Amino acid sequence: MTVLEQPGSSRNKSDLPGPPPAWRPRVDPAPLLPDAEPYRLLGTSAAGRLDPGLLTRLYAQLVRGRRYNAQATALTRQGRLAVYPSSTGQEACQVAAALALEDRDWLFPSYRDTLAAVARGLDPVQALTLLRGDWHTGYDPHEHRIAPLCTPLATQLPHAVGLAHAARLKGDDVVALAMVGDGGTSEGDFHEALNFAAVWQAPVVFLVQNNGFAISVPLAKQTAAPSLAYKAVGYGMPGRLVDGNDAPAMHEVLTEAVRRARRGGGPTLVEAVTYRIEAHTNADDATRYRTDAEVETWQEHDPIALLERELADRDLLSDEFVRATRDGAEELAAGLRDRMNADPELDPMDLFTHVFAEQTSQLREQAAQLRAELDAEAAGHPDHSDHGDLAGESAAAGRSAQEARP
């Protein structure tokens, strides 16, 4: 017999005591709820208050980013990149994330966020080194305050929380901004990171780029939530829903979230509603799971075109400015193309560099074995005649691939 089956028991008795107050960590969820519709500035009356200098800076970065995406995609066709996850169509998210941060802050990108790293000041070649297969990262994270590009889904999010929490404990005025796709929100790391961040009130901003698909899986098959921004409420942080193709809106919301975190207000989850115009990567056939008509609809909501209309309406889109912007973008693309077409000089022993501050016994053993094989190969030892120069073979294959220049 249970308690409820005892004589005279009732589920609806009003005189029964309720749970003690300790169960309720927060009282009012209303301030945490996102807007019902994505927040926008362009095309609204609020656009008139936007700073012209900010608008032109955003526009220049968007044009530069679009050209960077096109050149990186071409490098895959030339055999100079193993893979490239394009952010074409998502440039407003990438640029706004970079510009919202101070120099002392940290950016935690996913594999699709090389443009955010470049917009933050990273050398484009260094940003693509991982995708070329040359290095684990390609740049010094501490120098640039950019964590390594993360290819596993969402594993960078707990790292961002840990760094931000440690910075706060040390008294450092640092904010971490972690980027993830909508597919990453289905991973356990996403939920663990949000929970830790909210409980610790860590100075973190989570930016979810909802581009509609986790490779080929549409958002509707990942979650039944009203929007991904609503997931913030369950962890006790504000959720913001933003038009991810509206560059000024993205910049404003992310800047506010970073400022709030820096003041001690804790984390924020920002969902940017955007679209991946190109395939998941150059190895993906997006026509198998979405229609050309859908892509064309989103191209009408292109972030560059949206901002161009605002600049034109305010007489900020002069021929000289447009020409200078495009020339700068072409200069970036030409430099990237020329430098990526040069064969890298790789040392296989670098495989063991920067793995641990002090090499483990297993790494030392493996490094010694590799060194012995390389020395034997260089000496023409017959037992190693079948060892090919993998780096040389890869470079030769790249040179013989079709040279596709956009």
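A few remarks follow.
- Three-way shape label, segment 181-268, alpha-carbon gyration tensor, a/c 1.5: oblate
- Here the sum of -39500 (n - 2.57) over DSSP H runs of 4 or more residues, divided by the residues of the chain, equals -13500 deg cm²/dmol at 222 nm, to the nearest 500.
- Average Cα contact separation per residue, the chain, under 8 Å, 6 or more apart, as relative contact order %: 22
- Relative to the longest principal axis of the Cα atoms of the chain, the long axis of helix 247-262 lies at roughly 70 degrees.
- The residues of segment 211-358 present an accessible area of 51 Å² per residue when probed at 1.4 Å with all protein chains retained.
- Between the listed residues A100, S86, Q71, the Cα displaced farthest toward the positive end of the dipole of segment 62-114, a dipole computed from Cβ unit charges relative to the Cα centre, is found at Q71.
- Carbon plus sulfur fraction of accessible area for the chain, probe 1.4 Å, in percent: 52
- Axis of helix 188-200 versus longest Cα principal axis of the chain: the two differ by about 60°, to the nearest ten degrees.
- Looking at the chain alone, DSSP beta bridges between its own residues are antiparallel in about 10 percent of cases.
- For A119, net neighbour charge (Lys/Arg +1, Asp/Glu -1) across residues whose Cβ lies under 11 Å away: +1
- Helix 52-77 axis versus longest C-alpha principal axis of the chain: approximately 50°, rounded to the nearest ten.
- Of the GluC sites (Glu not before Pro) in segment 284-348, the ones in a loop by DSSP (not H, G, I, E or B) with at most 13 other beta carbons within 10 Å are E300, E345.
- Across the options L316, T297, A202, the greatest Cα extent toward the positive end of the charge dipole of the chain (unit charges at beta carbon of Lys, Arg, Asp, Glu) belongs to A202.
- Distance from segment 249-293 to segment 115-179 (C-alpha centre basis), Å: 17
- Cβ crowding within 10 Å averaged over residues, with 58-71, 236-249 ranked highest first: 236-249, 58-71
The values are calculated or read from the model by the stated rules, or taken from the named source; none is laboratory data. Note that the structure is predicted; figures quoted are calculated from it, not measured. Please note: Cβ atoms are built from the backbone with ideal geometry, for glycine as well, and neighbour counts cover all protein chains shown. Side chains included, ligands, DNA and RNA excluded: accessible areas come from the protein's heavy atoms. Shrake-Rupley method; radii C 1.70, N 1.55, O 1.52, S 1.80 Å.
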